Amino acid sequence: MTGAWAELESVSVCVPDHYGRLAGKRIAAGRMGTVLASGLDMPDFHLITGPDIQPSDGLAATGPHTGFPNDVLWPDMQTFRRLPWDASTGIVLAEARRRDGSVVAEAPRAVLQHQVERLARLGLAARVAPEVEFYVFADSYQKSFRKRYRGLRPLYHRIGDNDVLVTDVLDRYLRPLHQAMAELGLPAEATQGEGGTGQAEINFPACAPGPAADGHALFKHAAKAMAHRQSRAVTFMARPDQFQASSGCHLNVSLRDADGSPCTAQAGTVLSERARRFLAGVLAFSPELTLLHAPLPNSYRRLQPGGWAPSAATWGYDNRAAMVRVVGSGPSLRLEFRLPGADANPYLAIAALLAAGIAGLEEDGVELPPPGAAAEAELPLDLTEALQRFEESKLASRAFGDNIRDHVAGMARHQLRLARHAVTDWELEHGFETA
């Protein structure tokens, strides 16, 4: 046996599902040579699984009507890594293909790659740097489950927004996570306490969209794995507690020209013409693509007016109240896109960001409003509105194709049906005695 896996016992071969969870099989390392030659069979229900790991209803991609046949997972060895917390095990992300060898268009990695290729046809490339917020709790996942995820103990008992002391306390969990990410070849640039009790943020350096999304998915997997090993719990829900700050995933994006040179800035903090058009597209079209940045009912608890998350499509220079914050200068000038929540699938969120920017570059008449001025459409306030706008979006059909538009909409519709049946604590507290 030869290759990077030669001294390992097993390798997890994975694909991100629609909500960004890594789904796959752990195989004996000795099988990797065969898998690289002919792929790994895996049922295609990963295309339609929800956050509850149950298949959604009524999707064309697969379901009872197809019998959930096997896809073939083709490992992308550029993503192969040894797990720092389990030295005998490796992990590799894969491309999902059908039996005939065709790429599964609905797979999140394929959705993002399509937008990267569309941008390249315009002579441009993007660099993306995610900033991810999440909560860390002293309770284990098992204890959190038994407590129905209520009354959990944050790892630090006070808000720690930019408080170095709080960051130091959170390091009991964050330092091993930092070290694990560095060993995975994904070193973080910065860590800080955030505006919620026990909330943290980790920032990663800029890279190409595909590797940025791969790194993000691996980070969330590592964060949960490390939490399990420390008998702690983390959550990337957009709003796990209505009385605490929400968790976002800010995407810092910059443009490169055909020879790889930065081209976001014309000079200093002045946006280039292509960057202005890209930004104009992001402002004009993100409201109808919000479903890809906020995929779940809970996502919209974060996007309500009055908080730090955006509720309108605005932009400004170094303005954290805007949906797009233009920050930096010269080669470091970038657009900080603040719409996605921590619960967003990074592949789909980056794909939607690129699709909106590409529309601004391609279409005439898309004008950049003055800083602080709202675009014509405000952001959706709930999943129902976001789903309607996405289904009616001509851009969603044009940029992604009707099959992807219908697939994303169908996944959201299934989550909406589940949510409509749920009885919440708020409903009980407000209506149990008084209804």
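When residues in the range 240-251 are screened for being part of a strand (DSSP E or B) and either open to solvent by 10 Å² or more (accessible area, probe 1.4 Å) or closer than 20 Å to Leu170 by Cβ (or both), 3 of them pass. Taking the range 36-72 as the range and being without any contact (Cβ under 8 Å) to a residue 40 or more places away in the chain and part of a helix (DSSP H, G or I) as the test, the residues that pass are Ala37, Ser38, Phe45.
For the range 100-115, state whether one or more residues are touching a His at 6+ places or on another chain (Cβ under 6 Å), open to solvent by 10 Å² or more (accessible area, probe 1.4 Å) and on the phi < 0 side of the Ramachandran plot. Checked against the condition, which is being touching a His at 6+ places or on another chain (Cβ under 6 Å), open to solvent by 10 Å² or more (accessible area, probe 1.4 Å) and on the phi < 0 side of the Ramachandran plot, the range 100-115 yields at least one hit. If you check Gly281, Gly330 for being on the phi > 0 side of the Ramachandran plot and not charged (D, E, K, R), only one passes: Gly330. Taking (1) farther than 17 Å from Ser311 by Cα; (2) hydrophobic (A, V, I, L, M, F, W, C); (3) over 21 Å from the mean Cα position of the chain (by Cα) in turn, Ala373 satisfies each apart from (1). The residues listed here are Ala37, Ala87, Ala29, Ala60; of these, the one that is surrounded by 17 or more Cβ atoms within 10 Å (Cβ to Cβ) and of a type in the set (Gly, Ala, Ser) is Ala29.
Please go through (1) closer than 25 Å to Ala206 by Cα; (2) open to solvent by 10 Å² or more (accessible area, probe 1.4 Å) for Ser311 and return the number of the only condition it doesn't satisfy. So the condition that Ser311 fails would be (1). In summary, strands (runs of 3 or more DSSP E) completely within the range 254-336 and bearing 2 or more residues that are under 20 Å from the mean Cα position of the chain (by Cα) occur at 324-327. For the range 122-239, the strands (runs of 3 or more DSSP E) that sit wholly inside it and include 1 or more residues that are open to solvent by less than 10 Å² (accessible area, probe 1.4 Å) and closer than 21 Å to Leu339 by Cα are 125-137, 190-193, 199-203. If we keep just the residues of the range 1-55 that are within 22 Å of Ala217 (Cβ to Cβ) and hydroxyl-bearing (Ser, Thr, Tyr), which is nearest to the chain's Cα centre (by Cα)? Among residues in the range 1-55 that are within 22 Å of Ala217 (Cβ to Cβ) and hydroxyl-bearing (Ser, Thr, Tyr), the one nearest to the chain's Cα centre (by Cα) is Tyr19. State which residue is nearest to Tyr19 (Cα to Cα) when the search covers only the range 349-383 and only residues that are open to solvent by 10 Å² or more (accessible area, probe 1.4 Å) and either modelled with pLDDT of 95 or more or part of a helix (DSSP H, G or I) (or both). Here the residue is Asp382.
Among the residues of the range 267-280, none qualifies, meaning not one is at pLDDT 95 or above, crowded, with 24+ Cβ neighbours inside 10 Å and basic (Lys, Arg). Sub-6 Å Cβ pairs linking a first residue in the range 1-29 that is closer than 17 Å to Val111 by Cα to a second residue that is part of a loop (DSSP other than H, G, I, E, B) and open to solvent by 30 Å² or more (accessible area, probe 1.4 Å), at least 6 apart or interchain, are Tyr19/Pro51, ordered by first then second residue. Regarding the range 400-411, can at least one residue be identified that is without any contact (Cβ under 8 Å) to a residue 12 or more places away in the chain and of a type in the set (Lys, Arg)? No, because not a single residue in the range 400-411 is without any contact (Cβ under 8 Å) to a residue 12 or more places away in the chain and of a type in the set (Lys, Arg). Residues in the range 228-245 that are in contact with a helix residue (DSSP H, G or I) (Cβ under 7 Å, 6 or more places away or on another chain) and under 22 Å from His293 (Cα atoms): 5 in all.
The values are calculated or read from the model by the stated rules, or taken from the named source; none is laboratory data. Everything numeric in this text was worked out from a predicted model, so none of it was measured. Backbone-built Cβ (ideal geometry, glycine too); neighbour counts: all protein chains shown. SASA here: full protein model, heavy atoms, side chains in, ligands and nucleic acids out. Shrake-Rupley method; radii C 1.70, N 1.55, O 1.52, S 1.80 Å.
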